[in-house]
Every structure is written in structure tokens, then in C-alpha cells.
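Asks: Right, I'll just put the structure down here and ask away after.
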Amino acid sequence: MKPNRDANELAARLTSAASKPVPLPKTHTEATEKKTAPRKDGNKRTIGISLRPSQALLNRYTLEAAKRTQETGRVVSAQQIMLEVLEKGL
């Protein structure tokens, strides 16, 4: 099989590109830096995160949320219970 006539040019371009640093995308914080000013109404901004508790721990939070829902008459989620526990720990 004959080598491609542009193979040497392509190799040179790839070598040149490999030696240049790749620009990194802006982080979420940098991209939204101007948008995170304190709100006039005093509400806190929230940031979404993912937690993956074990099934047993998630069941404990879910049962506590169900208990609290029955006691208060309003829906309380397992995530709200998790946040309360995390806030108490700090």
C-alpha cells in the first residue's frame, strides 16, 4: 500500500499541535462569577451536587423524612434531612 502523499504534512501538523497547551474550559465558578452576587431579597443561592449514599443510609433518611412528613403535615424529603444532618456536622 502506498503512503498517503499528505502523510508527512499531517504528521508535522499533529506534532506542532501536540506541543501547544490545550485551553481549558472555564469552570462553573468562573463562568457564573458575575451572576453570584447576593440577592436583594436575602435568599441564599443553592448549588446542585450529587450524593450517593449506601442503600441502608438512604433508607434511614427516607424513613426519617416519612416520619417528619406525618408529624408536620407537609412533605419533607430525604434530601432535606441530609442537609440538616450536614449543617449540624459543621
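Asks: Quick check: convex hull of the Cα atoms in region 50-90, volume per residue, rounded to a whole Å³?
Replies: Details: hull volume 2.9 nm³, N = 41.
Hull volume normalised by residue count: 71 Å³.
Asks: For a quick protection proxy, order the peptides 65-78, 12-25 by their average other-Cβ count within 10 Å, most packed first. Walk me through the numbers before you get to the answer.
Replies: Details: 65-78: 12.1, 12-25: 8.0.
So the order, starting with the most tightly packed, is 65-78, 12-25.
Asks: Describe numerically, in nm with one decimal, the distance between label points set 7 Å from Cα along Cα→Cβ at Ala66 and at Glu84.
Replies: 1.7
Asks: So for Leu86, Leu58, fewest C-beta neighbours within 10 Å to most, what's the order?
Replies: By the 10 Å Cβ count, ascending: Leu86, Leu58.
Read-outs: derived from the displayed coordinates by stated rules, not from any lab. These figures come from a predicted structure and were not determined experimentally. Note that each Cβ is placed from the backbone with ideal geometry, even for glycine, and that neighbours are counted across all protein chains shown.
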